[in-house]
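Have a look at the structure below before the remarks.
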Amino acid sequence: MTPGGGSGPMKDCEYSQISTHSSSSPMESPHKKKKTAPRRKWEVFPGRNKFFCNGRIMMARQTGVFYLTLVLILVTSGLFFAFDCPYLSEKITPAIPAIGGILFFFVMGTLLRTSFSDPGVLPRATPDEAADLERQIDIANGSSSGGYRPPPRTKEVIINGQTVKLKYCFTCKIFRPPRASHCSLCDNCVERFDHHCPWVGNCVGKRNYRFFYMFILSLSFLTVFIFAFVITHVILRSQQTGFLNALKDSPASVLEAVVCFFSVWSIVGLSGFHTYLISSNQTTNEDIKGSWSNKRGKENYNPYSYGNIFTNCCAALCGPLSPSLIDRRGFIQPDTPQLAGPSNGITMYGATQSQSNMCDQDQCIQSTKFVLQAAATPLLQSEPSITSEELPLPGKTSLSGPCATLTLGQPTPPSSMPNLTSDTGLTDMIPLKEEHEGHQFLTPEEAPSPPGMLPSGSPITHSHTMHVLSLASQDSLHEDSVRGLVKLSSV
């Protein structure tokens, strides 16, 4: 409220309508947890993998060769079923396209199962687990120094009488279990790691090795099957019309024969190699490194072999399939509730509350400025007494009656301050002193106007003088008023 009693800052403060459809209420507690959509673990997976179908499909990032594999299988098989099978089913037997179809669907099923599944990725240690592991290593080694010291890279365990070293992975912060290794392409530790196969677009490990083996084995049969019956088709046609005419009548057979001829050797050879690995219960990684080779010593042997080819094959192909350890479709556990951050020490509950606080603060500042103006300005100099004989200024009206004697004391805050005094305490902002006890408080209407603002022509006689405080009282009052304004500004 302004000193003249006119419209002031309070008219600028208007109430804002609160929307009942809003998610937050103005009086909502600041400690309420922020609502966020739940996220799944595959969305924040640290490895270099790609996920599809909401985490159901997991592949490596390098999938270009995988698409080449799909194209070769689909194009070759499609040409065979379109151009060779009609003639062969008519001349030989309808069982040829049926057998080819079974092999084709089995190859595609095992390929997709190998490419889209979790190969056996080991979850990385959390920061707390990694710190606990380092603490256990320090205790085991008798180290009490507070400085950082990287843990040892290996541990030794005994498996079936054979010493096996467990290596520490500085990326995953774990000691890898036996037969596990870290794939540099996928950036994951994979349990029973065999190798990373770009042709299937994924790592080959504990959880998809059997499907990989069935894929290359069935692909070998399919490749041999197509190559054999394409040659049969060309021979039968050449007996009727000649070799060159047979090639002209069925050009797709030539393309199929070329593709199968150059691929059958590698596919059949790869199938034979993995058949050997399964029969001895080894992995490609162990065989390349020579982990269980006799060259390392006579006492070096494979502790994972059952000593029987049939048992080793059953363990690799027919054993129970272990579950995925990363739970890629699981939801992330919510973190600790975050409190809404205060702004300049004031907790904001909503837009309406914020506007009200701003208006109250402006009101307090304006009121305090008026107190300073009313109290400090008359104390700066002694005003001469104004008598009724003085002529009024042009355009100014005179007072209707004489004014009573005004005794100045500490000014009273305007009537717009009751809320302020009840909340923060006016006595804390403008403290009173004992030396001012004899003075009387004035209302805003009774307070004198600043110099030059008093209407001229007022019938104030020489007997009605204004008493002025002493100089020490002036300085004290001015100091207290300024201190109160500083406190209101900080609020």
What is the local net charge at S77, summed over the other residues whose Cβ is closer than 11 Å to its Cβ (Lys, Arg +1; Asp, Glu -1)?
-> -2
Among 54-61, 302-309, 104-111, the order from most to least packed when residues are scored by Cβ within 10 Å on average | 104-111, 54-61, 302-309
Would you kindly derive the ³J(HN,Hα) couplings of the range 264-274 from the backbone phi angles with the Karplus curve 6.51 cos²θ - 1.76 cosθ + 1.60 (θ = phi - 60°), listing them in order in whole Hz, with x for Gly and Pro?
-> 5, 5, 5, 5, 5, x, 5, 5, x, 5, 6
Ignoring everything but the protein chains, give the 1.4 Å probe accessible area of K165 in square angstrom, nearest 10.
-> 130
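Evaluate the range 70-215: find the radius of gyration of its Cα atoms, find its Kirkwood radius, and give the ratio Rg to Rh. Intermediate values should be presented prior to the final figure.
Values: Rg = 24.0 Å, Rh = 19.0 Å.
That ratio equals 1.26.
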Any residue on another chain or 5+ positions along whose placed amide H is under 5 Å from the amide H of S117 is listed here as M58
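Cα gyration tensor of the range 244-295, axes a ≥ b ≥ c as square roots of the eigenvalues: rounded (a/c below 1.5), prolate (a/b > b/c) or oblate?
prolate
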Shape of the range 49-117, Cα gyration tensor, a/c cut at 1.5 = prolate
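The values are calculated or read from the model by the stated rules, or taken from the named source; none is laboratory data. The model shown is predicted, which means the values in this text are computed figures rather than measured ones. Cβ sites come from the backbone with ideal geometry, for glycine too, and all protein chains shown count toward neighbours. Protein only, heavy atoms only, side chains kept; ligands, DNA and RNA dropped before computing areas. Shrake-Rupley method; radii C 1.70, N 1.55, O 1.52, S 1.80 Å.
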